[in-house]
Amino acid sequence: MNKASRLFWPTLVTPKNAVVKPTEQLSRSQKLLTELGLVKAGSNGTYQIMPIAQRTIDKCIQLVQRNMQAAGGQKISLPVLTPAQLWKKTGRLDGDISEFYMVRDRSGKQFLMSPTHEEAVTAMLASAAPISYRQLPQRLYQIGPKFRDELKSRFGLMRAKEFLMKDMYSFDVSLDAARQTYATVTAAYERFFRQLELPFVRVEAASGIMGGSQSHEYHFISPVGEDTLLQCSNCSYAGNTEVFGNEADAPSTCPSCQSAQLSRVRGVEVAHTFLLGDKYSKPLGATFLNTSGKPEPLVMGCFGIGITRVIAAALEVLSTEQQLRWPKLLAPYDVCVIGPKAGSKEQASAERIEHELLNQLAQICGAEQLLHDERKELTIGKRLLDAQRLGHPLTIVVGAKATQLEAPKLELHTSGSEKLELEVAEVLQLVTQHEQHKQQLLQSQLEETNSEQQQEQKRFGHVH
Ligand SMILES: [Zn+2]
């Protein structure tokens, strides 16, 4: 079980008269994450993740992996350093390279600290023995750090110079098959975002430096968002104004149905998908042998989710000025338990109830999902304030009322700041419901992917 007294939790106290630059206040999630000691700023534009926030990152990774595996993904790891030579071959060093981190080894050979891995993974496929059409599709993904020397890194984790990405690269025999992969993987993306229970929108996007024929972005809606999105309420059209060159050139009527019911919202991009075709496989010579034994370029797609960005953006959308709020599946802990203060007259009897409660909770949600705030030198009020700012889905207080002879009561605080006085059995019931809700979110995925896999199996005649 996790003990609050043992946590490395370097809270930051901002002096009352401190001058805070307005730009630093634009993101409330970043402000809370820093003040609460979940994240520390490293050198300009990089961040140190402290233990509480690391739990959320690990949970996010697990959830993304479940969905990638369900979409036929296989996990790999590619080096952070990619030879610059590969990027010369695809022409991507000819454009603006000011955002790339370039390093040289002792022989003078140049490498990129990769912002993305199309070249690296495609070169790997090219160097593999001739791949047969029978081995396709392949959907390879990794989760690791990416680097971009942002001119303006801001909003903390939302736009950092080093960030955590899940990137998947797919290889198919034809554009038709690649479209099928695109549909399967984007369905997994939508499932992932639904599991976070946050409003998101998928928009048509500009392909930018990736190139390729088709591209979509996933956005959380937030005023902090740097993109302006168009949403039609008459049809299902949604697009990024980037597609039209700039915001001013964006149409005032829906490009799809011509209706005038087109609204503009700000979005935070959290994921991006591309149908790449042979843009990378051709210059890098990544081929497969077709049914007549002739080599043909592999048809590719690539699919990114910004792990740290998803978390920062979710917190930005859900949190209040004073309190963090987490998607249920990503909260660092499910339940926080606060016991009596040391030296209070109810201490001994309340502690007996507290320990019995902790045992029962561990049965319901697992000891690993419990945070026991046993800093008994602090008042209940002080610890409750910390718990509420951290935004635990459920916080249970075992105080004086728990020891009264008639109708003993515990306090249950939800992350919506709702306070209930309940009997132990009722509290356990609500914790059980919370766990069941989480299980349902995960379960819905299993059912959907089983039926998707059956459909694909019919299509390709084999299982991935
Ligand atoms: Zn429309």
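The values are calculated or read from the model by the stated rules, or taken from the named source; none is laboratory data. What you see is a predicted model; the values in this text were computed from it and never measured. For neighbour counting, all protein chains shown are included, and Cβ atoms are generated from backbone atoms with ideal geometry for every residue, glycine included. To get the accessible areas, we keep the full protein, side chains included, count just its heavy atoms, and leave off ligands, DNA and RNA. Shrake-Rupley method; radii C 1.70, N 1.55, O 1.52, S 1.80 Å.
Scan region 308-322 for residues that are modelled with pLDDT of 95 or more and surrounded by fewer than 21 Cβ atoms within 10 Å (Cβ to Cβ) and the total you get is 0.
Taken over region 256-275, the criterion of being buried (at least 19 other Cβ atoms within 10 Å of the Cβ) and either modelled with pLDDT under 90 or more than 9 Å from the ligand (Cβ to nearest atom) (or both) is satisfied by Gly267, Val268, Glu269, Val270, Ala271, His272, Thr273, Phe274, Leu275. From the list Leu428, Leu420, the lone residue that is surrounded by fewer than 16 Cβ atoms within 10 Å (Cβ to Cβ) and modelled with pLDDT of 95 or more is Leu420. Against the list (1) within 22 Å of Ala183 (Cβ to Cβ); (2) assigned to a helix (DSSP H, G or I), the condition Pro283 fails is (1).
Open to solvent by less than 30 Å² (accessible area, probe 1.4 Å) and either acidic (Asp, Glu) or assigned by TED's automatic domain parsing to the domain that holds Lys75 (or both): is that true of Val299 in this structure? Reasoning before the result, please.
Working: open to solvent by less than 30 Å² (accessible area, probe 1.4 Å): yes; either acidic (Asp, Glu) or assigned by TED's automatic domain parsing to the domain that holds Lys75 (or both): yes.
Yes; evaluated as a whole, the condition is true for this residue.
Please go through region 129-161 and pick out each residue that is open to solvent by 20 Å² or more (accessible area, probe 1.4 Å), at pLDDT 95 or above and among the charged types (D, E, K, R). Selection gives Arg134 alone.
For Glu247, the conditions (1) within 30 Å of the chain's Cα centre (by Cα); (2) near the ligand (Cβ under 9 Å from one of its atoms); (3) open to solvent by 60 Å² or more (accessible area, probe 1.4 Å) all hold with the exception of (2).
Among the numbered conditions (1) touching a Gly at 6+ places or on another chain (Cβ under 9 Å); (2) part of a helix (DSSP H, G or I), the only one that Gln62 does not meet is (1). Within region 323-358, the set of residues being part of a helix (DSSP H, G or I), among the hydrophobic types (A, V, I, L, M, F, W, C) and open to solvent by 40 Å² or more (accessible area, probe 1.4 Å) comprises Ala348, Ile353. When Thr253, Thr228, Thr291 are checked against the criterion of being outside any loop (DSSP other than H, G, I, E, B) and either surrounded by fewer than 19 Cβ atoms within 10 Å (Cβ to Cβ) or more than 16 Å from the ligand (Cβ to nearest atom) (or both), Thr228 stands alone in meeting it.
Scanning region 162-176 for residues that are open to solvent by 10 Å² or more (accessible area, probe 1.4 Å) and either more than 23 Å from Ala314 (Cβ to Cβ) or touching a Ser or Thr at 6+ places or on another chain (Cβ under 7 Å) (or both) yields Glu162, Phe163, Leu164, Val173, Ser174, Leu175, Asp176.
Only one of Leu371, Leu361 is surrounded by 19 or more Cβ atoms within 10 Å (Cβ to Cβ), in a helix (DSSP H, G or I) and touching a strand residue (DSSP E or B) at 6+ places or on another chain (Cβ under 6 Å); which? Let's see the steps before the verdict.
Numbers: Leu371 fails: in a helix (DSSP H, G or I).
Exactly one of Leu371, Leu361 is surrounded by 19 or more Cβ atoms within 10 Å (Cβ to Cβ), in a helix (DSSP H, G or I) and touching a strand residue (DSSP E or B) at 6+ places or on another chain (Cβ under 6 Å), namely Leu361.
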